[in-house]
Amino acid sequence: PPANVGRAPGPPDGGWGWGVVFGAFISIGFAYAFPKGVAIFFKEIQDFFGTSYSEIAWVSSIMLATTYGAGPISSILVNRYGSRPVVIFGGLLCGIGMVSAAFCTSILQLYICVGFITGFGLALNLQPSVIIIGKYFLKRRPIANGLAMAGSPVMLCTLAPLNQFLFDNFGWRGSFLILGAILLNCCVAGALFRPIRAATASVKTQVTEEGKDALKEEVTGDAMEMSSPTNVPVENKMEEEAEKDCCEKINQYLDFSLFKHRGFLIYLIGNVLMFLGFFAPIVFLAPYAKHIGIDEYSAAFLLSILAIVDMIARPTTGIVANSKWVRPRIQYFFSFAIAFNGTCHLLCPLASGYTGLVVYSIFFGLAFGMVCAMLFETLMDLVGAARFTSAVGLVTIAECCTILLGPPIGGTLIDTFGDYKYMFIKCGAVMVLAGTFLFIMNYYNYRMLAKEQKERKAKEEDPKSVRTENEGRNNWNKETAQDGPELEPLREEREGLKKEVNGT
């Protein structure tokens, strides 16, 4: 192979990377905004099928949970095939799912088509888009992540009034057909994800395969020459090696040693708790506005206001997070953003009328954009770019449970009390608790990291070799003091050796 094979090129931090950011902008935008934009149709679908709030909320919950729960599968496919084919295949699944949903005759069929099929397609768009940005950017990574994450509010700002327009003109079935065609644009976005290490990876794969083939031939030849009694331990050894290879392959795609990483566990617990109240307020914002007597277009416009503020907040947060004052302690900033988000939900029941909901949407959009802009940046800051792919997969599979339960729990509260304020209070309390937990535990983590670094420096300044030499010198003095005059020649020889050691 050429001499440069095996040397991983550094992130270019620009160039075609900005084209990749644009593709990620589209993919991430659909992955995050589409489950929220579909909520425009919930009131009408609920009346059409005669279901409750909690039953219709399962559509978005299943879609969001599948999007996050399929994270490990998406990570494995990215490691195996690369980001480009995975995103293109995900775009096809999204289109198929929404076109199929247009012909559904029951709420259960909507769960399958919109929830599982479209949700899995969105998962194949989200993970590769986040991963490939980490390969193209290092110094400008927070800014690139902020710009890519801005795709979510832009898409939401566009989809909310578009969905209402499509429903008024084509009904929810015709709207699903058109939305299925729109989602095929994810395939175009995936075509922009040019592999950064294609040539190196292909040569390395070829060399590895040749080495494996040669090793297999050698092992097979040795086994053929051996006699029958000796074959048993060889076969056992080969089985053990096969099991070891299987475990190594699994660990290659999903690094389970991350569960021993203190910072990763703190991030995981805080995020699992946060997602219990993260998406429910967006899902129920438009239905809540319609419930209190606001017309359909004004209710949809609340999502647009939220999205416009979110659109500005994400890149701004990326720039602030990349500054020299915030980036060394970005985990504190992330904790504050989560607590601020929860405070907005706690104050939402105080908003009366359309003006109050507009103010709530502005502050909610700001807090939501801050959290989303740093959601993956803080994870990469903790585990590093090399382990980020596995970390994203493990985090999303753990988060999918609370994402699945969040909106239905909110819908159950609405059905039980007949009022939306209890849903907002539940979401706000959970998110304030999650932000407080992350702030306290990150403070503890930073203290422990500083202590460990101090101990490491102390070891470097006081190496073992110096202590070992001092102990050896003391033992030498004791031995020479105990030796009698008959060992004088040996003592002189030892003294000479001692001088040579000290000189060395």
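I'm told Phe259 meets every condition in (1) surrounded by fewer than 11 Cβ atoms within 10 Å (Cβ to Cβ); (2) modelled with pLDDT under 80 except one. Can you identify the failing condition by its number?
(2)
Which members of region 313-331 meet the condition of being of a type in the set (D, E, K, R), under 25 Å from Ile269 (Cα atoms) and open to solvent by 30 Å² or more (accessible area, probe 1.4 Å)?
Result: Arg327, Arg329.
Only one residue in Thr67, Thr105 is modelled with pLDDT of 80 or more, among the hydroxyl-bearing types (Ser, Thr, Tyr) and buried (at least 24 other Cβ atoms within 10 Å of the Cβ). Which one?
Residue meeting the stated conditions: Thr67.
Conditions (1) in contact (Cβ under 8 Å) with a residue 24 or more places away in the chain; (2) closer than 30 Å to Leu124 by Cβ, marked per residue:
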| site | (1), (2) |
| --- | --- |
| Val371 | yes, yes |
| Gly406 | yes, yes |
| Val430 | yes, yes |
| Met441 | yes, no |
| Asn445 | yes, no |
| Lys457 | no, no |
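Yes or no: Ala386 outside any helix (DSSP H, G or I), within 30 Å of Leu77 (Cβ to Cβ) and among the small types (Gly, Ala, Ser)?
yes
For region 349-403, give me the residue count where each residue is open to solvent by 30 Å² or more (accessible area, probe 1.4 Å) and either farther than 30 Å from Leu302 by Cβ or in contact with a His (Cβ under 9 Å, 6 or more places away or on another chain) (or both).
Within region 349-403, the subset open to solvent by 30 Å² or more (accessible area, probe 1.4 Å) is 349-350, 352-355, 358-359, 362-363, 366, 381-382, 385-387, 397-398, 401.
From what is left, the residues that are either farther than 30 Å from Leu302 by Cβ or in contact with a His (Cβ under 9 Å, 6 or more places away or on another chain) (or both) are 381-382, 385-387, 397-398.
Residues flagged as open to solvent by 30 Å² or more (accessible area, probe 1.4 Å) and either farther than 30 Å from Leu302 by Cβ or in contact with a His (Cβ under 9 Å, 6 or more places away or on another chain) (or both) within region 349-403 amount to 7.
Which is over 17 Å from the mean Cα position of the chain (by Cα) and aliphatic (A, V, I, L, M), of Ile76, Ile88? Walk me through how you get there before you give the answer.
On the way: Ile76 fails: over 17 Å from the mean Cα position of the chain (by Cα).
Testing whether each residue is over 17 Å from the mean Cα position of the chain (by Cα) and aliphatic (A, V, I, L, M) leaves just Ile88.
Would you mention how many residues in region 376-386 are touching a residue at least 24 places away in the same chain (Cβ under 8 Å) and within 13 Å of Gly263 (Cα to Cα)?
6
Right, Thr105: out of contact with any Lys or Arg (no Cβ under 8 Å at 6 or more places or on another chain), in contact (Cβ under 8 Å) with a residue 24 or more places away in the chain and hydroxyl-bearing (Ser, Thr, Tyr) or not?
Here the answer is no, as Thr105 does not meet what is asked.
The values are calculated or read from the model by the stated rules, or taken from the named source; none is laboratory data. Every value quoted in this text rests on a predicted model; they were computed, and no experiment measured them. All Cβ positions, glycine included, derive from the backbone under ideal geometry; neighbour counts span all protein chains shown. The area values use the complete protein model at the heavy-atom level, side chains included, leaving out ligands, DNA and RNA. Shrake-Rupley method; radii C 1.70, N 1.55, O 1.52, S 1.80 Å.
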